[in-house]
């Protein structure tokens, strides 16, 4: 448990590695803090309360209706892309070192990767803050942003790749040194996630390097918007698994320990992760169900493949709940549902992750609806969609990362968590706000409210939406309060003078398994067959359409800035 | 806090509560999914 | 699933309760797959498919896109509507146009053809299943039947720049 300290850590990270991980968390939490400022502003805007003019002093250039979209771009980029990527690479570094009980093979490589990401963030921030890249985090061409925005994103992605190479080399060396041992689960989980990410980001690399930059530099007269969408969503959906899988790694490999139990099935946990590698990428057309340039047959196939990737999540639901039930029974929990009360709800780290899991149940249900081919006609580009992904990336992922931070920051700083009880409160506040917010967003989306729109300004809003939009505002504001409590706790914990008593440590919680990991079949520790199957499936599911669209490319769309209906304006 | 007596196996631990939990989950999933599906059907054909 | 790729010497051990759950989970997904198949391939609720590639720079020079609006195909039964999405309005923004002699009656089959001449837009007719992207270089197409008389808003559902929030139009359906 969080408050438990050990005298002899299982494996002690070097000071330098702890500091390195700490930099990841610092950048992540800073991005989250700035990006989240805009959340409640957007939510209040929907209810007709426009606070943007009052916050003009905060921004280099922040005016009129552009302010909403500039803020929305910052919100999406900083929260969904930066907070996640920096936190995940930091957490993965910890999971690799602690899981293998071994230092990184080439620490310099990982440091180069990280600082490349940091430089990328600063480079992208310049046009974002100057309102020269208000194209939202999907940056659909031919909307065009300042070139620095794209270059910054490229640096962030390439930096994350380089950190990944560092993980691979480390794992490779470890396997040479320990030929008979199975890769520890937490390490396997985060490395698998990184491999999946590197396969998936080929799409966005092709989009930016192959289509957008040539247009932005003026080498070609225009772009093919349909092809750019296909490239984007090759990356876009696996991106959400890149966010989610580290949270799963914690739920499987750490949370059972924190709750006082064991992982119910090590083998099935590994199987779920291999299935995510296999199935995360070849299903991107489920984001393009209503695109004009993709044949409906391929959309249907990708819909079924998305049902396929729902399977390892359903497996996760059972295994994680069973692990928690086991823990609760060990703690004296009774009854069919009564055991849930016996979980350590007084622990801020556990509570955050349990609440993340509860919200994710609804996020998962909504996701299955999104993925259901024609059912998507009811939901596409309505507020249902941001309602949905706030339950996934902003709940399952973000709230779990809060929970992880509540032990990770004490672990790497050697300082006790500031106000552990307030940590419990922070998650409950965020949870309550999220319930109100997401419920209202889903409901008003079913009534037809479009996403990405300042509904306080839209002329077509019927009266029946207003009650829900008010709940959007209330929920959004409450979420922000919960989030700010988290930020303050982490900041004070990191910067306080107080240290843990001499000789005490907060250890990384690593769960043991109820089944013996050595009984698991060998194919759950073999990379080659899984990688081959993954590539083959991607070629089958994407190949024909990619060839069709790439060879049928028509770069006939000139770029437009969001501010002008004239090309290049 | 954990009783690390090593001989705990899945075989002895019956996850009854988990079964109840996932059963409730399936009920909610079906209910919510089909409520959207019915909206879809009520809005008619598109070809 | 992919467990058939087993290359290992030992079998995967699965707790019997979890084995039952795996069966149930697959069954649930199969039920959803069957349901969308019925809706799509028996009830005709389909998503857009490849229609036609166009050049967004010159498309407005020729019919039908030089004169967007309603075409009466079979009076009282079949209508085609051509709409151009632009930053930041639909052309036309009223269907049928106020000066038009054509009326679209309840129960008629109305097919919407939409394209964009600048950036990506969205197109959603409230209260119907017509909901798709308007992508420059492509024509999007879906059909619907309006069962009640009245006016239906069509709105832009994809961010398209500063004026996005005010981009919408209305279809008027008579008795």
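Since every read-out is calculated from the coordinates, none of them should be taken as a lab result. The structure displayed is predicted, hence computed values, not measured ones. Note: ideal-geometry Cβ built from the backbone for every residue, glycine included; neighbour counts use all protein chains shown.
Just the number, please: Stokes-Einstein D of region C:1-121 in µm²/s, Kirkwood Rh from C-alpha pairs, 4 °C, 1.567 mPa s.
Values: Rh = 19.4 Å.
Value of D from the Cα-based Kirkwood radius: 67 µm²/s.
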Quick shape check on region A:494-569: root eigenvalues a ≥ b ≥ c of the Cα gyration tensor, a/c under 1.5 is rounded, otherwise prolate if a/b tops b/c, else oblate, and it reads oblate
Kirkwood-based Rg to Rh ratio, region A:18-551, C-alpha trace: 0.95
Over the C-alpha atoms of region A:422-520, what are the Rg and the largest Cα-to-Cα span, Dmax, in Å? 21.6, 64
Quick one: which of A:341-348, A:230-237 comes out on top by average Cβ neighbours within 10 Å, and what's the full order, highest first? A:230-237, A:341-348
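Can you give the average number of partner chain beta-carbon atoms within 10 Å of each beta-carbon in peptide B:30-37, as a whole number?
6
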Would you please put A:159-171, A:12-24, A:254-266 in order of how densely packed they are, using the mean number of other Cβ atoms within 10 angstrom per residue and starting with the highest? A:254-266, A:159-171, A:12-24
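Do you know the relative contact order of region A:134-219, to the nearest whole percent, from alpha carbon pairs under 8 angstrom that are 6+ apart? If you can, show how the numbers build up before the last one.
Working: 24 pairs, mean separation 36.7, N = 86.
It rounds to 43 percent for region A:134-219.
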Percent RCO, i.e. relative contact order, over chain C, from Cα pairs under 8 Å lying at least 6 residues apart: 20
Over 5 Å intervals from 0, what percent of Cα-Cα pairs in region C:52-174 sits in each interval? 2, 12, 23, 25, 20, 12, 5, 1
Among C:77, C:62, C:158, residue whose mean-square fluctuation peaks in a GNM of chain C (springs only between Cα atoms under 10 Å): C:62
For region A:69-170, what is the Kirkwood estimate of the hydrodynamic radius, computed as the reciprocal of the mean inverse distance between distinct Cα atoms, to one decimal in Å? 14.2
Could you state the number of Å between the C-alpha centres of region A:169-231 and region A:426-486? 34
Rg and Dmax of region A:339-410, Cα atoms only, in Å: 14.9, 48
Ordering of A:239-249, C:19-29, A:308-318 by burial proxy (mean other Cβ atoms within 10 Å per residue, highest first): A:239-249, A:308-318, C:19-29
Across region A:173-306, how large is the tail of the calculated P(r) beyond 26 Å, expressed as a percent of all Cα pairs? 40
Helix-only [θ]222 nm of chain A, DSSP H runs n ≥ 4, -39500 (n - 2.57) each, per residue, nearest 500: -21000 deg cm²/dmol
Fewest to most Cβ atoms within 10 Å: A:532, A:550 sort as A:532, A:550
Once you average over the residues of A:138-144, how many Cβ atoms of partner chains fall within 10 Å of each Cβ? 4
What's the average, rounded to a whole number, of partner chain beta-carbon atoms within 10 Å of each residue's beta-carbon in A:293-300? 5
